[in-house]
Amino acid sequence: MRAHEIMKDPSKKLVPSGGSDQDDAAILARRLSFLELDETDARAIRQLCTKFAGYMTEFAEKFYSHLTAFDETAKFLREPERLARLKQMQQEHFESLLEARWNEDYAGQRRRVGQMHADVGIEPHLFLGAYNQYIQICFRHFAQQQGLNLELDLPWLLPLLKAIFLDIGLTLDAYFLQATRNQRVALDMLLRANTELRQFAQLTSHDLKTPLATVANLCDEAIDEFGDQMPQEASSLVRKASQGVFRMSTLIDELLSTVGKVDAEHHGKVRGEELIHAAAEPLRGVLQEKGIELRVQGPLPAVWGDQVRLREAFFNLLANAAKFIDKRPGLIEVRAQVEGTRCQFTISDNGPGIPTSELERIFVPFRRLPMHRGHPGSGLGLYFTKNIVEAQGGRVWAESEPGRGSRFIVELHRSPDEAEIVRRADT
């Protein structure tokens, strides 16, 4: 089957590449048409067979001499027997290129070559670099054999160049197919993992909290029934045990709250100043007791997200700042900066600061700085904050210098109406 035959009848069979036979034939026909490859080109390329006769061995030697000069490709060519076999296969590959018979066997062979490259881990940029040698070696040989007269030689050289690009496209099909297949597998694994994780969370919530509730009830009953008969120290220990159980139950709730999918139905416009004031309200007593001023530099922009979860995230950041401020008067300052359709909230404090080496680690669950281990807490607040913010399509990070306080920056989407105003202004 010739190129012009394929283009006239795209229903002729091709080696499957993931679709139907007819689809594959139509794809090859479109490629030949786009590259303007036809039977005239095929005849011109076949005439080059005589010009390259006797050069095939030298061609393969030069081709692999280039590949073995680079560590990235040389690691695939260390075995002498394998290298000799590949050189022979390269000669056959080049010969079939010059035969210019663009049929189902040709396309299938090129795709198999691409699949072998992909299977052994040869990156696409290395593959393309190797094909660059095809062009350089062929054109140099052509020029050395008879000089290079563009007017006379273009009828041979241009078809050869187009055929090489056809080869590249067919071979790359395997890379794209493998990438798509790997992506599907990864997505399937992720979906299964999320489903299993949610099921595990539901079972864990019941299995862990039920005995905790039993222990808490027994502690309360012991105090109610025998509190008057207990020594004061024993009664105090039982109460501490009950409080510990309550904290453990709360910790389980917090851990499980991070499991599951984000419900976009709860997203809406959240006014910035209302969000900060609502997050700070439970901390009023702590701020007053420690002599900390909360300074909100308004106006703050409206953002788009889950109001309840965002309030929890900002509460964690404000509570974290209030907990570790070590001087009077203390100061927590909240300000916002708008950048296009996104905005950044900055919560800064005049606390002890965080070592630069710890800035990335503070968002790891249960990670606590040595200087903070005397303070109460589970080491989960910043982890939950990061989880919540990223679930809203945002990001959070910290900046700090020891002794000069800390800054936590939360970047979120602006509300759609405000974002639309920005887009219109830009256009």
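The values are calculated or read from the model by the stated rules, or taken from the named source; none is laboratory data. Only a predicted model underlies this, so the values are computations on that prediction, with no experimental measurement involved. Cβ: placed from backbone, ideal geometry, glycine included. Neighbour counts: every protein chain shown. Note: accessible area is taken over every heavy atom of the protein model, side chains too, but ligands, DNA and RNA are not part of it. Shrake-Rupley method; radii C 1.70, N 1.55, O 1.52, S 1.80 Å.
Taking the Cα-to-Cβ direction at Phe226 and at Thr210 and moving 7 Å from each Cα, how far apart do the two end points lie in nm?
Going by the 7 Å Cα→Cβ label model, 2.6 nm.
Could I have the simple spin-label model distance between Glu293 and Ala241, label points 7 Å from Cα toward Cβ, reported in nm to one decimal?
Taking the simple label geometry, Glu293 and Ala241 are separated by 4.9 nm.
With r as the distance between the Cβ atoms of Glu79 and Met189 and R0 = 35 Å, compute the FRET efficiency 1/(1 + (r/R0)^6) and round to 0.05.
Calculated value: 0.55.
Using a Förster distance of 51 angstrom, determine the FRET efficiency expected from the C-beta separation of His141 and Asn182, and round it to 0.05.
Rounded to the nearest 0.05, the efficiency is 0.85.
In terms of the Cα gyration tensor, with a ≥ b ≥ c the square roots of its eigenvalues, is the range 25-146 rounded because a/c is under 1.5, prolate because a/b exceeds b/c, or oblate?
Here the range 25-146 falls in the oblate category.
Please report the accessible area of Val308 (heavy atoms, 1.4 Å probe, ligands and nucleic acids excluded) in Å², nearest 10.
80 Å²
When the chain is fully extended, how far beyond the present Cα-Cα distance does Leu126 get from Ser357, taking 0.36 nm per residue of separation?
79.5 nm
Ignoring ligands, DNA and RNA, how do Phe34, Phe176, Phe408 rank by accessible area with a 1.4 Å probe, largest first?
If we order Phe34, Phe176, Phe408 from most to least accessible, we get Phe34, Phe176, Phe408.
Give me the percent of accessible area attributable to carbon and sulfur for the range 51-173, probe 1.4 angstrom.
Answer for the range 51-173: carbon and sulfur cover 55 percent of the accessible area.
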